[in-house]
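Asks: The structure's right below; bear with me while I get my questions together.
The values are calculated or read from the model by the stated rules, or taken from the named source; none is laboratory data. Please read these numbers as outputs of a predicted model, since none were measured by experiment. Backbone-built Cβ (ideal geometry, glycine too); neighbour counts: all protein chains shown.
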Amino acid sequence: MDGCAAGIKSRVYDFGLYLGYETLELATMGIRAIIDCVVTSRVGDIGGFARKLETMRNEGLISEIPAEIINAAFNAGSAAVHR
């Protein structure tokens, strides 16, 4: 397991704590970072997030509907980062 994957469980827990303190923006940013980390660990650092997600779809690692959900979560995190 690489460094990214090894820390995911604790990161998810930490961001859950942030949710409890009503800091949804911070939690959303953290979830975005985790999503990007997991996707990159699967397909490599091959460019932007859309390209990585499309590669996962093309390789059969993920189907269309979960890809749309993941993309929406990633975009929400990106919006939170830029507010």
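Asks: Can you confirm whether residue 37 is in contact with a helix residue (DSSP H, G or I) (Cβ under 7 Å, 6 or more places away or on another chain) and modelled with pLDDT under 85?
Replies: Against the criterion (in contact with a helix residue (DSSP H, G or I) (Cβ under 7 Å, 6 or more places away or on another chain) and modelled with pLDDT under 85), residue 37 does not qualify.
Asks: I need a count of the residues in the range 63-83 that are among the hydroxyl-bearing types (Ser, Thr, Tyr) and in contact (Cβ under 8 Å) with a residue 24 or more places away in the chain.
Replies: 1
Asks: Moving on. Look through the range 35-67, keep the residues that are acidic (Asp, Glu) and surrounded by 12 or more Cβ atoms within 10 Å (Cβ to Cβ), and return whichever of them is nearest to residue 24 (Cα to Cα).
Replies: Here the answer is 36.
Asks: If you take the residues of the range 41-83 that are among the β-branched types (Val, Ile, Thr) and outside any helix (DSSP H, G or I), which of them is nearest to the chain's Cα centre (by Cα)? So that I can check it myself, show each step before the final result.
Replies: Restricting attention to the range 41-83, the residues satisfying the condition of being among the β-branched types (Val, Ile, Thr) are 43, 46, 55, 62, 65, 69-70, 81.
Filter again for outside any helix (DSSP H, G or I), leaving 46, 62.
Values: 46: 16, 62: 14 Å.
Per the criteria, the residue is 62.
Asks: Take the residues in the range 68-79 that are touching a Lys or Arg at 6+ places or on another chain (Cβ under 9 Å) and among the polar types (S, T, N, Q), then tell me which one is surrounded by the fewest Cβ atoms within 10 Å (Cβ to Cβ).
Replies: Ranking the candidates gives 75 first.
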